[in-house]
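The values are calculated or read from the model by the stated rules, or taken from the named source; none is laboratory data. Small disclaimer: the values here were computed from a predicted structure and weren't measured. Methodologically, a virtual Cβ is constructed for each residue, glycine included, from the backbone with ideal geometry; neighbour enumeration extends over all protein chains shown. These area figures cover heavy atoms from the full protein model, side chains too; ligands, DNA and RNA do not enter into them. Shrake-Rupley method; radii C 1.70, N 1.55, O 1.52, S 1.80 Å.
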Amino acid sequence: MAGRHRAGFVGRLECCVSPVGMFLPGSQMKFLWVLTLLLLLALTGMIVRAVRSERRLREQNRCLEEVIWGTNAGTWEWNIETGETVFNARWAEILGYTLDEISPKTAATVRALSHPDDMKHFDRMVVHCFRHESETYECELRSRHKDGHWVWVLDWGRVVEWTPDGRARRMSGTRQDITVRKEAEALLASEKERLHTIFELMPIGIVLIDRGGRVVECNSAAVNMLGIARAQPLYRSITGQGWSAFRPDGEPMAPRHYVGLRALAEQRPLHHRSMEVRGPRGSLWLRVSATPLDHPRYGAVITHTDVTAQRDADARLRLAASVLGQASEGIVVTGADGRVVEVNDAFTTVTGFSRDEVQGKTLEIFESELHPREYFVGMRRAIRAHGHWQGELWSRRKDGEEYAVMLNVSAVRGLRGRTQNYVALLSDITPLKNQQKQLEHIAYHDALTNLPNRALFTDRLQQALAQCGRRGRQLAVAYIDLDGFKAVNDTHGHNAGDQLLVMIARRMRKVLREGDTLARLGGDEFAALLVDLESAADCEPVFERLLRAAAEPVVVGDLGLSVSASIGVALFPAQSVEPGFDAGQLMHRADLAMYLAKRTGKNAYRFFDAPAGSS
């Protein structure tokens, strides 16, 4: 194909040269032909080179378009003198437009679509390029999307044409959508800020040191605990400014023993080591852990936990445990549900129950039939309502023996007023109660005969009078005086007389009904209270038995002693009872009746105002 083109061209050249050749000599003609041929060859080379250059340019443009397409970047050209701009389709697509929708295509339109807060930075970067201060222009800014939201873009460009006097004429460059990257950066910055905030606010002191043992990072807790300052050798920062470190045994801590530096030197983690730090604000006990790091900047991370309060609490617990074990009072600790979690040895001594036998049980372990059920109901109600109850309690030991305690139950509340535990203190007052019972017995019983004395008899009589009014029944009071007792005393002495009184008292007590009372009023005078009578006739057999019991001879040593009894009886209620009638008046009537029995022959009983026919 190229040969045919050249042949045609030579033919046309011959046609042009032939008329000239008619006027030239042969040698000149040959020279002309050579020159023409050389010109032809040069022209052909130029044409070939132009074709190849055009082909290479088209190939480069195609490659450039493919690269631009592959980077998903928009392109732009800006004629600085006219303000006209040229965009590709991707530039418009980034903002949600088509190329046809971008109008007019000028720098003013680009500026109108950009966030006003970013334009100062944009202008500054462009001016740097115009002034030859920067070869390229690069700027991150926000552009408004078609739907109204802002899109982060990265514009990159350079001046591609200058005027002869050195002013920028034309710029071109690319635009990339970096919204996802900016959102990721914002999220990363937020996360970094959050982690830094956590790092600063953590109550655990955290120190990061480099491989030379210098402090790189530390949080506020570490500063407060140790007085650490950044960029200082770790141990010097701890032991400077009035701070000093000590081992658990109280010896000063050498630098090589400090956990952070040991972990760094030995390249192994060390955990939960104790140290004491004494500083301007007092003494702190710290639990320290350190871990070497495979990091270009950090050599090890060290954590410091303030365990001063825990150590103090442990000390208090040990003291409480010592008190619990050494206390003479029984101590019971329960949970909020009232179930036993701990008791001391004194509790076992008092109750006979071991810790294992009562653990998990409630305070019902103290309940017994020795109190009515309502007593324990009231106790639990008071504990729930007021968090406290105190009182005497009778219960049974493990072996069934009765015992009495002074019980004090208190609720232990937490910071918010919530009940966490109950603590019960019990003191064994059984000996005291027994002594009290003995004193009461002495106070209300006759020392010789062990019968109720006048005070106890009067109390029972008053109670019986009150019950008579409610039940509609009768009672009888018998005043008993022994006949001939003075002669026994005078003849055989007081010892024989006392033994005689004891024997007669036992006999008379045996012949009374259950529920009746026999009391010694003093000397040889006794009184009997008969209750729950339907009529006077119900008590007459009892008085007959009393007379026989008193008259039966009593053997005292070698002596056979005999006496009799005169009994005066007063009934209640009776027809002659006046309003306000009381126990004293009833006893007075019985006394009068007893004197009547003595005057009428002794060894007999007489009723006050006795009905006819009575003995």
Problem set entry | Dipole magnitude of segment 249-358, debye to nearest 20 (Cβ charges: Lys/Arg +1, Asp/Glu -1, about Cα centre) | 680
For this session: Just the number, please: carbon plus sulfur as a percent of the accessible area of segment 413-489, 1.4 Å probe, no ligands or DNA/RNA counted.
Result: 50
Seminar exercise, completed: Carbon plus sulfur, as percent of the 1.4 Å-probe accessible area of segment 103-161, comes to 52
Exercise. Is the shape of segment 427-527 best called rounded, prolate or oblate, per the rule: a/c under 1.5 gives rounded, else a/b larger than b/c gives prolate, else oblate, with a ≥ b ≥ c the square roots of the Cα gyration tensor eigenvalues?
Worked result: oblate
Seminar exercise, completed: For the chain, averaging the sequence separation of alpha carbon pairs under 8 Å that lie six or more residues apart and dividing by its residue count, the contact order in percent is 6
For this session: Note down the nm distance, to one decimal, between modelled labels 7 Å out along Cα→Cβ at Arg52 and at Ala89.
Result: 3.5
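Beyond 31 Å, what share of the Cα-Cα pairs of the chain remains, rounded to the nearest whole percent? Display every interim value, and only then the final one.
Working: 147945 of 188805 pairs.
More than 31 Å apart: 78 percent of the Cα pairs in the chain.
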Problem set entry | Pairs beyond 25 Å (Cα-Cα), from Lys361/Lys437; Lys433/Lys510; Lys146/Lys182; Lys120/Lys146; Lys398/Lys510; Lys437/Lys486 | Lys361/Lys437; Lys433/Lys510; Lys398/Lys510; Lys437/Lys486
Problem set entry | Difference of contour (0.36 nm per residue) and Cα-Cα distance, Gln390 to Asn224 | 55.0 nm
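Taking R0 as 41 Å, what FRET efficiency do you get between Ala327 and Glu251 from their Cβ-Cβ distance, rounded to the nearest 0.05? Don't jump to the answer; show the numbers that get you there.
Values: r = 37 Å, r/R0 = 0.89.
Here the calculated transfer efficiency is 0.65.
Add -39500 (n - 2.57) for each DSSP H run of 4 or more in the chain, then divide by its residues: what number comes out at 222 nm, to the nearest 500 deg cm²/dmol? Walk me through the numbers on the way to the answer.
Details: 18 runs with 268 residues, N = 615.
So the helix-based figure for the chain works out to -14000 deg cm²/dmol.
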For this session: Give the accessible surface of the chain per residue, rounded to a whole number of Å², with probe radius 1.4 Å and ligands, DNA and RNA excluded.
Result: 59
Seminar exercise, completed: If each part is reduced to its alpha-carbon centroid, segment 122-147 and segment 522-568 end up apart, in Å, by 133
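Carbon-plus-sulfur fraction of the accessible area of segment 311-351, 1.4 Å probe, in percent?
Details: 1260 of 2340 Å².
Of the solvent-accessible surface of segment 311-351, carbon and sulfur hold 54 percent.
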For this session: With a 10 Å radius around each residue's Cβ, average the other Cβ atoms per peptide and rank 135-147, 453-465, 524-536, highest first.
Result: 524-536, 453-465, 135-147
For this session: Pull up the cross-link candidates among the lysines for Lys30, meaning alpha carbon to alpha carbon under 21 Å and not fewer than 8 places away within one chain.
Result: none
Exercise. Quick one: helix 583-599 against the long Cα principal axis of the chain, what's the angle to the nearest 10°, folded into 0 to 90?
Worked result: 20
